[in-house]
Amino acid sequence: MATIFTRIVNGEIPSYKVAESDKFYAFLDINPLAQGHTLVIPKQETDYIFDIEDKEYQELFLFAKRVAAAIKKAIPCKRVGVAVLGMEVPHAHIHLVPLQSEGDMDFRKAKLSLTPDTFKEIAEKISLSFE
Ligand code: 5GP
């Protein structure tokens, strides 16, 4: 059965898109640690990120680098943090989180609850900065 992220890529489940290429897709995490928290995924489904073959793995991280640059431009932050967990969704994904301090990257903390309009606004801002 397709993962929830494959269903997002296929447009069966809505998402707040930030960037897209033929192989990769970036969208806002629905339970964000900070405004601008983004997930970057390969369209091709692989559960464990370190099982992705080398070329696609490199391309995925280069794509994430471009997305991180867009986040840094669009969202006031000191840095963009990077994490790979995969404890919940079995479809490889990179978390990109705008950081003011290291505590912003604590995945155990309460997530933000944002309105659809705020999600839309943030996604649009980041996508406009994506090069
Ligand atoms: P992980 O697998 O890295 O432990 O966590 C999965 C992440 O995906 C979580 O941060 C969760 O909020 C996010 N997530 C799970 N389901 C959805 C969804 O349907 N849409 C979006 N945008 N994010 C999701």
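Mind checking region 1-60 for GluC sites (Glu not before Pro) that DSSP puts in a loop (not H, G, I, E or B) and that have at most 11 other Cβ atoms within 10 Å?
Glu12, Glu53
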### Message
For the chain, what is the number of Lys pairs with C-alpha distance below 19 angstrom, counting only pairs 8 or more positions apart or on separate chains?
### Response
21
### Message
Using only the alpha carbons of region 77-117, what is the convex hull's orientation-averaged projected area in square nanometres?
### Response
3.8
### Query
Once region 9-81 is represented by equal point scatterers at the alpha-carbon sites, with solvent omitted, what log10 I(q)/I(0) does the Debye formula produce at q = 0.13, 0.19 Å⁻¹?
-0.39, -0.83
### Task
Please report His95, His37 as a ranked list, fewest other C-beta atoms within 10 angstrom at the top and most at the bottom.
His95, His37
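When only DSSP loop residues count, what trypsin sites (Lys or Arg not before Pro) in region 91-131 have their Cβ near at most 14 other Cβ atoms within 10 Å?
Loop-located and lightly packed - Arg108, Lys109, Lys111.
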### Task
Check each of the chymotrypsin sites (Phe, Trp or Tyr not before Pro) in region 1-57 and keep only those in coil by DSSP with at most 13 other C-beta atoms within 10 angstrom; list them in order.
Tyr48
### Over the chain: Kirkwood hydrodynamic radius from C-alpha pairwise inverse distances, Å
14.7
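When the dipole is taken about the Cα centre of region 76-131, and only Lys, Arg (+1) and Asp, Glu (-1) are charged at their Cβ, what size is it in debye, to the nearest 20?
Rounded to the nearest 20 debye, it is 140 debye.
Just so you know, all these numbers are worked out from the coordinates, no wet-lab data involved. None of the values given here were measured: they were computed from a predicted structure. We place every Cβ from the backbone using ideal geometry, glycine too, and count neighbours over all the protein chains shown.
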